[in-house]
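Right, one structure below, let's go through it.
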Amino acid sequence: MKTKTEAVFLDRDGTINIDTGYLGDPADVRLIDGAAQAIKRLNEAGVKAIVISNQSGVNRGIFNEAALAKVNERLIELLAASGARLDGAYYCPHRPDEGCRCRKPATGLVEAAAAEHGVEISRGFVVGDKAIDIELGRNLGVRAVLVLTGNGHAELEKVSPLPDYVAKDLADAIDWILER
């Protein structure tokens, strides 16, 4: 019997929207083709769509938390225009050298999101375009999907451990997840 998927923990930049580097301007938010429709499919299936994203641009002084919030608001607007919604968005503002528990591949943000949304982590998936997203999945003990959008092609050569599935894009990843 198939176990009901409760949540998909999604990377943001390079997975949902085009990765422009340190994204601090809402005018620069552009969805990757098919991403909104993929998230809408999660919504319709009753699966929580939750963003888990490292945003060290905050603590590097590249942009502030208010700018990060505006970028997130713009992302939500663009998704809503296609009938899609995020159930939550969690960000780590720390630099890699700060040693926090929230920066991927650490599990702190997912643990907080799961507690807030009442989901069992073991019934979730991680989707992203970087090796750290796959590592996050392993650290959580859940399946992880590498998307080839964003940095996915370059990351595929160095990703270890290997992802459970390599998807051409978020739509392909969601197809695979919803079949499980």
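Things to note:
- Taking each residue of region 74-90 that is within 20 Å of D25 (Cβ to Cβ) and looking for partners that are among the charged types (D, E, K, R) and surrounded by fewer than 18 Cβ atoms within 10 Å (Cβ to Cβ) with beta-carbon atoms closer than 7 Å, six or more apart or interchain, yields L79/R85.
- First in region 96-110 and without any contact (Cβ under 8 Å) to a residue 40 or more places away in the chain, second anywhere and of a type in the set (V, I, T), Cβ under 7 Å, 6 or more apart: P105/I132
- Of the strands (runs of 3 or more DSSP E) lying entirely inside region 67-180, those containing at least 3 residues that are out of contact with any Phe, Trp or Tyr (no Cβ under 9 Å at 6 or more places or on another chain) span 88-92.
- Across region 1-36, the number of residues qualifying as at pLDDT 95 or above, within 28 Å of E179 (Cα to Cα) and of a type in the set (V, I, T) comes to 5.
- Evaluating A49 against the criteria (1) without any contact (Cβ under 8 Å) to a residue 60 or more places away in the chain; (2) over 17 Å from V147 (Cβ atoms) leaves one unmet condition, (2).
- Of all residues assigned to region 25-41, at least one qualifies as being part of a loop (DSSP other than H, G, I, E, B) and either farther than 21 Å from D169 by Cα or aromatic (F, W, Y) (or both).
- Verdict on V159 being within 22 Å of E44 (Cβ to Cβ) and either of a type in the set (A, V, I, L, M) or modelled with pLDDT under 95 (or both): no
- Qualifying residue in region 91-110 (condition: out of contact with any Lys or Arg (no Cβ under 9 Å at 6 or more places or on another chain), under 18 Å from T15 (Cβ atoms) and among the β-branched types (V, I, T)): no
The values are calculated or read from the model by the stated rules, or taken from the named source; none is laboratory data. Fair warning: this is a prediction, and the values are worked out from it, not measured in the lab. All Cβ positions, even for glycine, are placed from backbone atoms using ideal geometry, and neighbour counts span all protein chains on display.
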